[in-house]
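Comments concern the structure below.
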Amino acid sequence: MTDDGTGRRADGLRSPSAAFAFDAPFDRTGTGSSKWARAAAPGVIPMGLADMDLPGPPAVAEALERRARHRAYGYTVCDPAGRALVADWYRARHEAAVDPDWVLLLPCSPRTALRLLLDTLRPQAPVLSPTPEWGGFAQLCRAAGIDHRELPLPVGPDGYRLPDAPLPRPTAAVLLSNPHNPSGRVWPAAELRALAERAAEAEALLVSDEVHGDLTHPGHTHPVAVTTVGPALRHRVVTLNSVGKTFNCSGIPSGFALVPDPALRARFTDTLAGYGLWEGGLLEQTVQHAALREGGPWLDALLAHLAAARTRLTERLGPAVRSTPQASYLLWLDSAALGLPPATARAALLERCGLEASAGADFGPGGTGALRLNYALPGPVLDTVLSRLDRL
């Protein structure tokens with residue numbers, strides 16, 4: 001069915017995207033947006049930072065308003081029902097059997113949680129991550145004084161593949177974004193299991209950062225690391241996640257970890273307490289509960305909107321797309337195929353098109369000569385982006 005521009009389809013029903021205003025202008029002026037603060041000049045469209053320029057779920061806004069009206073803003077205890085809520089979400093969205101006892105409800109972002117996990121592990125051996133890969137892994141390891149090393153990702157006809165060779169010994173941990181950041185590839189279950197096996201052989205922990213996992217596009221499924229690897233390896237796997245990326249509320253730090261190993265879970269909890277952090281929190285629990293209980297319809301409409309935007313951009317950019325995204329809202333591009341100088345591609349795209357991107361070098365040596373674009377944009381802004389790309 002086609003939309004007549006008012007959000008109403010030919011059959012008289014409103015399109016899911018229109019129901020949540022994804023095709024309407026969305027002004028972030030006055031909100032302190034770090035993404036828009038990166039814009040180099042007026043008129044520039046920032047497409048670098050992984051943050052959606054789309055209105056969040058009504059259920060989250062309503063829950064915050066309700067809670068704010070009760071003017072008790074003191075310390076809160078952790079609601080144990082939150083663990084079951086996380087487990088129920090994984091079962092409903094991913095058909096993954098998560099034990100509520102594995103769940104730690106974190107009052108911090110997954111990035112902070114990863115640093116706290118590294119502090120818990122106190123690794124003496126190197127920590128590995130594939131490349132190209134989210135640069136935060138390397139940055140966190142450097143800040144913690146940990147030896148960080150990179151594993152090149154093999155490239156196949158359908159995009160990147162996970163390394164399948166034995167890992168060097170000793171290795172303390174393997175850090176992985178699942179789905180892949182920057183390409184949006186969903187790692188197949190068989191590849192995840194193989195990597196977990198290689199990690200176990202090296203006596204390493206596999207840490208799967210799955211903040212983009214709920215953003216898997218229609219037609220694809222997201223393998224959750226701790227349930228995909230099987231019971232024999234679960235004690236060597238930790239999954240980090242959050243409602244932040246999924247429901248566009250990353251400005252309210254929150255997260256959850258799935259830690260099947262009881263001993264590691266206890267040590268992780270002790271590390272949190274050592275930094276004055278405990279499970280739960282006033283705003284975190286309010287947002288998590290509303291998102292996981294009531295955010296499903298909003299998320300379904302968002303995924304349809306993102307998949308449509310992905311199709312428009314990949315059809316326009318053709319061979320410049322290094323790997324067609326299967327999840328999230330990130331497009332990984334070959335700058336040379338765009339006609340941009342690889343060494344200065346980010347600056348050239350900004351100058352020619354007024355579009356700000358993330359430089360591929362930010363994702364390690366494997367990202368040299370690439371650009372990452374964020375296409376989680378309202379319909380009218382995406383139209384403008386496509387028009388500006390004609391300047392290339």
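Test of understanding: given the chain, find the longest segment containing no GluC sites (Glu not before Pro) that are in a DSSP loop and have at most 15 other Cβ atoms within 10 Å.
204-392
Between ALA266 and ARG38, what's the calculated FRET efficiency when r is the beta-carbon distance and R0 is 41 Å? Round to 0.05.
Values: r = 40 Å, r/R0 = 0.98.
Using R0 = 41 Å, I get an efficiency of 0.55.
Computed extension gain for ALA194 through GLU95, at 0.36 nm per residue and net of the alpha carbon distance, reaches 33.6 nm.
Full extension of the chain between ALA343 and ALA21 gives 112.1 nm of extra length, using 0.36 nm per residue less the Cα-Cα distance. Packing order of peptides 245-258, 116-129, highest average first: 245-258, 116-129 (average count of other Cβ atoms within 10 Å over each peptide's residues).
Please state the shape class of the stretch 181-325: rounded when a/c is under 1.5, otherwise prolate if a/b exceeds b/c and oblate if not, all from the C-alpha gyration tensor. Oblate. For the chain, what does the alpha-carbon gyration tensor say about shape, rounded, prolate or oblate, given a ≥ b ≥ c as the root eigenvalues, a/c under 1.5 as rounded, and a/b over b/c as prolate? Since a/c reaches 1.5 but b/c is at least a/b, the shape of the chain is classed as oblate.
Ignoring ligands, DNA and RNA, please state the percent of accessible area on the chain from carbon and sulfur, probe 1.4 Å. Mind dumping the intermediate values first?
Details: 8970 of 16580 Å².
For the chain, the apolar C and S fraction of the accessible surface comes to 54 percent.
In the chain, taking the dipole from charged Cβ atoms about the Cα centre, the farthest positive-side position among ALA361, PRO42, PHE26 is held by PRO42.
By its C-alpha gyration tensor, with a ≥ b ≥ c as the square roots of the eigenvalues, how is the stretch 42-112 shaped: rounded for a/c under 1.5, else prolate for a/b larger than b/c, else oblate? Oblate.
Report, in debye and to the nearest 20, how large the dipole of the chain comes out about its Cα centre when Lys and Arg carry +1 and Asp and Glu carry -1 on their Cβ. Write down the numbers at each step before the final one.
Values: 38 positive and 40 negative charges, 92 e Å.
Approximately 440 debye in magnitude.
Hand me the trypsin sites (Lys or Arg not before Pro) from the stretch 45-137 located in a DSSP loop with no more than 15 other Cβ atoms within 10 Å, in residue order please.
Details: sites: ARG66, ARG67, ARG69, ARG71, ARG83, ARG91, ARG93, ARG111, ARG115; in loops: ARG71.
Hits after loop and neighbour filter: ARG71.
Antiparallel beta bridges, as assigned by DSSP with both residues in the chain, represent about 55 percent of the total such bridges. Residues in the chain average 42 Å² of solvent-accessible surface per residue, probe 1.4 Å, ligands and nucleic acids excluded.
What is the distance in Å between the Cα centres of the stretch 257-334 and the stretch 119-158? Using only Cα atoms, the two centres lie 20 Å from each other.
Treating r as the C-beta distance of ARG169 and THR221 and R0 as 35 Å, the FRET efficiency rounds to 0.60. Membrane-span-like helices in the chain, defined here as complete DSSP H runs extending at least 20 Å along the helix axis by their C-alpha atoms with mean Kyte-Doolittle hydropathy no lower than 1.6, are absent; this is a sequence and geometry rule, not a statement about a membrane.
The values are calculated or read from the model by the stated rules, or taken from the named source; none is laboratory data. Everything numeric here is computed off the predicted structure, so don't read it as measured data. With ideal geometry, Cβ positions are generated from the backbone for all residues, glycine too; neighbour counts draw on all protein chains shown. Only protein heavy atoms, including side chains, enter the accessible area calculation; ligands, DNA and RNA are left aside. Shrake-Rupley method; radii C 1.70, N 1.55, O 1.52, S 1.80 Å.
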